[in-house]
Amino acid sequence: MAIHDLPVMRLAAILALTAASASVFAQSTEYRRGYADGFVAGKNAALGEQGQGRHWPRLYVEEAEYGARGMTCDAIRAVRNEVERNDGNLHAGNHLCGDPARGQPKRLRVVYRCGDSEAMRVVLRENELVRLSCRQ
């Protein structure tokens, strides 16, 4: 490469960087627009389907244990998923974490809280349904 080719190479590099930055700026604009749309959708979902109403505190499951007579399993992950997926509805059963006490009637013990409120406790018999809620 000759010395007189260096200015041309620098110019080509500058043009390439300028084109790349324009593309990045366009992508970041789309990203910001998507972020803003997602924020609005999340806010409306928290306030209700029509985007109005009272904002209820988030329900948080702190403990979940399923079983009988000392033979239990930790069901916290499954309970959290079921409550989130089913709008607070919870079904006590072996699908949560298996059958820790075969042939025995089992119970699901759940401790949950709404926002920074006092912890609430609920106990369900096997195959019983309940709706956990923060609405008062």
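Can you find, within the range 69-117, the residue that is farthest from the chain's Cα centre (by Cα) among those that are of a type in the set (S, T, N, Q) and assigned to a loop (DSSP other than H, G, I, E, B)?
Just the residues of the range 69-117 that are of a type in the set (S, T, N, Q), to begin with: 72, 81, 86, 89, 94, 104, 117.
Then keep just the ones that are assigned to a loop (DSSP other than H, G, I, E, B); that gives 86, 94, 104, 117.
Numbers: 86: 13, 94: 23, 104: 34, 117: 20 Å.
So, considering only residues that are of a type in the set (S, T, N, Q) and assigned to a loop (DSSP other than H, G, I, E, B), the one farthest from the chain's Cα centre (by Cα) is 104.
Here residue 64 does not qualify as touching a Cys at 6+ places or on another chain (Cβ under 8 Å) and closer than 19 Å to residue 130 by Cα. The single condition from (1) surrounded by 15 or more Cβ atoms within 10 Å (Cβ to Cβ); (2) among the charged types (D, E, K, R); (3) at pLDDT below 95 that residue 109 fails is (3). Scanning the range 112-131 for residues that are farther than 20 Å from residue 95 by Cα and either exposed (fewer than 12 other Cβ atoms within 10 Å of the Cβ) or out of contact with any Phe, Trp or Tyr (no Cβ under 7 Å at 6 or more places or on another chain) (or both) yields 114, 115, 116, 117, 118, 119, 121. Contact map, the range 1-26: first residue at pLDDT below 75, second residue surrounded by 10 or more Cβ atoms within 10 Å (Cβ to Cβ), Cβ cut-off under 8 Å, separation 6 or more or different chains; pairs are 1/9.
The values are calculated or read from the model by the stated rules, or taken from the named source; none is laboratory data. On a predicted model such as this, the values are computed, not experimentally measured, just so you know. Backbone-built Cβ (ideal geometry, glycine too); neighbour counts: all protein chains shown.
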